[in-house]
1. Conditions first: (1) under 22 Å from residue 218 (Cα atoms); (2) out of contact with any His (no Cβ under 7 Å at 6 or more places or on another chain); (3) away from ligand 1 (no atom under 15 Å from the Cβ); (4) in contact (Cβ under 8 Å) with a residue 12 or more places away in the chain. Residue 328 passes all but one, so which condition is the exception?
2. Here are the criteria: (1) surrounded by 21 or more Cβ atoms within 10 Å (Cβ to Cβ); (2) under 13 Å from residue 225 (Cα atoms). Tell me which single one residue 298 does not satisfy.
3. From 321, 341, 309, grab the single residue that is farther than 30 Å from residue 198 by Cβ and within 11 Å of ligand 1 (Cβ to nearest atom).
4. Output the number of residues of region 114-158 satisfying the condition of being without any contact (Cβ under 8 Å) to a residue 40 or more places away in the chain, polar (S, T, N, Q) and farther than 21 Å from residue 439 by Cβ.
5. Could you please give the count of residues in region 204-244 that are free of Cβ contacts under 8 Å to residues at least 60 places away in the same chain, assigned to a loop (DSSP other than H, G, I, E, B) and within 16 Å of ligand 1 (Cβ to nearest atom)?
6. Out of 25, 35, I need the residue that is more than 24 Å from residue 445 (Cβ to Cβ), surrounded by 15 or more Cβ atoms within 10 Å (Cβ to Cβ) and under 35 Å from the mean Cα position of the chain (by Cα). Which one?
7. Using beta carbons and a limit of 7 Å, which pairs, at least six apart or on different chains, have the first residue in region 274-299 and at pLDDT 75 or above and the second one in a helix (DSSP H, G or I)?
8. Select from region 405-456 the residues that are over 17 Å from the mean Cα position of the chain (by Cα) and β-branched (Val, Ile, Thr) and list them in ascending order.
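The values are calculated or read from the model by the stated rules, or taken from the named source; none is laboratory data. It should be emphasised that the depicted structure is a prediction, and the values quoted were computed from it without experimental measurement. We place every Cβ from the backbone using ideal geometry, glycine too, and count neighbours over all the protein chains shown.
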Amino acid sequence: GSAMLDQDTISALATPPGRGGVGIIRLSGKRSGEIARAMLGFAPEPRRAHYAPFLGGDGEVLDEGIALWFPAPHSFTGEDVLELQGHGGPVIMDWLLERTVTLGARLARPGEFSERAFLNDKLDLAQAEAIADLIEASSRAAAENALHSLQGEFSTRVQTLVQRLIELRVYVEAAIDFPEEEIDFLGDGRVAQRLSAVCESLAEVRASAAQGALMREGMSVVIAGRPNAGKSSLLNALTEQETAIVTDIAGTTRDVLREHIHLDGMPLHVIDTAGLRDTPDAVERIGVARAWSEIERADRVLLMVDSRESDAVDPMAIWPEFVARLPDPSKLTLVRNKIDESGESAEPDFSAMPPVIRLSATTGAGVESLKAHLKEVMGYQATSEGRFSARRRHLEALDRAGQALTHGVEQLAGAGAGELLAEDLRAAQDALGDITGEFSADELLGEIFGSFCIGK
Ligand code: GDP
Ligand code: ZN
């Protein structure tokens with residue numbers, strides 16, 4: 001890491017605020033040892049549980065509990081760490097925290113313990129992020145993925161790519177340095193072969209990371225369609241709650257409604273948009289504009305039609321203006337609703353372009369097919385094997401690396417310019433370094449650790 005490590009001793013409540021059986025204060029930094037001696041009245045032994053009174057400034061007992069002492073470097077942060085496990089009440093925890101501050105610690109910022117662990121090379125950036133993901137995980141699948149990342153699964157795969165890029169660079173740079181060599185290093189096809197092998201591995205890591213990001217961040221699904229198609233009813237059917245207002249007056253859903261659900265651990269952000277129609281109503285027009293901005297950002301767009309009104313499955317025939325405005329028509333799925341009244345079968349057609357789902361939002365027929373379809377289009381895999389948590393930030397870094405390599409392949413195929421290829425290889429390596437935080441800027445670190453909770 002490039003960021004400066006400050007010398008303060010930091011202190012924070014490591015357990016959630018409020019009341020609990022146990023509350024833990026954690027300290028990290030040089031003064032932790034002297035604070036331990038002041039609060040315990042003796043020097044604790046490394047990595048042993050001491051049951052002891054915790055003392056105030058006049059020797060009075062503030063609480064009693066377990067003290068754990070982890071001298072540097074064998075601690076989470078790599079610094080001297082003291083943990084005081086007391087009774088988990090807000091008053092007692094405040095007392096203890098105040099006492100540590102009086103003794104020279106300062107309150108930690110969010111994520112500061114993890115940041116120090118990163119700066120002291122206890123973790124790389126992807127692993128530190130995995131800690132936050134693990135804490136925030138809202139499903140077992142997400143937690144499993146975060147654990148895999150924390151254990152280094154993602155970092156190892158990135159490191160392997162970096163290693164191969166370095167080897168390739170050495171080879172290419174040798175070719176540049178010895179142009180008079182008889183053997184044409186760059187032209188003999190071996191560089192091209194290795195380059196394409198690295199590109200392939202990168203694509204594999206990208207696919208796994210995309211899966212991990214999906215499980216962490218979820219996919220957004222917009223339900224679009226004309227007023228009264230049954231959009232709000234479908235949102236209700238999916239969330240199995242009465243969140244959206246369902247009425248038979250066209251134009252009821254004026255704003256955008258969101259719900260978060262899980263499909264086998266995959267978070268899904270379902271967005272019900274205002275009916276898309278031209279309207280003189282100013283408020284409704286704002287709703288329509290918001291609907292469009294949601295549609296433009298969505299991972300999947302469900303175009304919902306009332307199956308009683310037409311048999312069409314070609315969105316161009318149903319609503320050409322809508323299709324024309326879609327940024328990516330391949331994200332479209334046609335949903336034919338109200339089959340309970342049209343008499344249509346619930347048979348989906350997954351292979352049509354766009355795929356067609358037939359359902360009834362009110363009876364629930366066909367809703368399972370829609371769920372299966374959503375999992376399928378997002379490349380959901382049931383097995384947790386080889387899965388790890390990843391963020392959009394990581395995907396962007398992998399994409400930058402991929403672009404640099406693609407550019408490098410072109411350079412090689414073109415003029416065979418070794419210098420330019422070497423330049424691209426270095427750019428790819430830098431992009432990958434952003435994932436593990438090898439050369440990351442302070443702002444990036446601040447942004448990442450600032451989003452952690454306090455005490456982590
Ligand atoms: P939205 O304007 O697209 O959000 O449509 P709503 O969900 O508010 O539904 C409009 C009307 O259609 C309501 O009266 C719903 O009860 C009705 N409706 C929605 N889905 C179905 C369905 O699958 N079958 C039948 N028979 N009626 C439905
Ligand atoms: Zn609605």
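1. (4)
2. (2)
3. 341
4. The number of residues fulfilling the criteria is 1.
5. 6
6. Just a single option satisfies the conditions, and that option is 25.
7. 298/331; 299/331
8. 406, 409, 454
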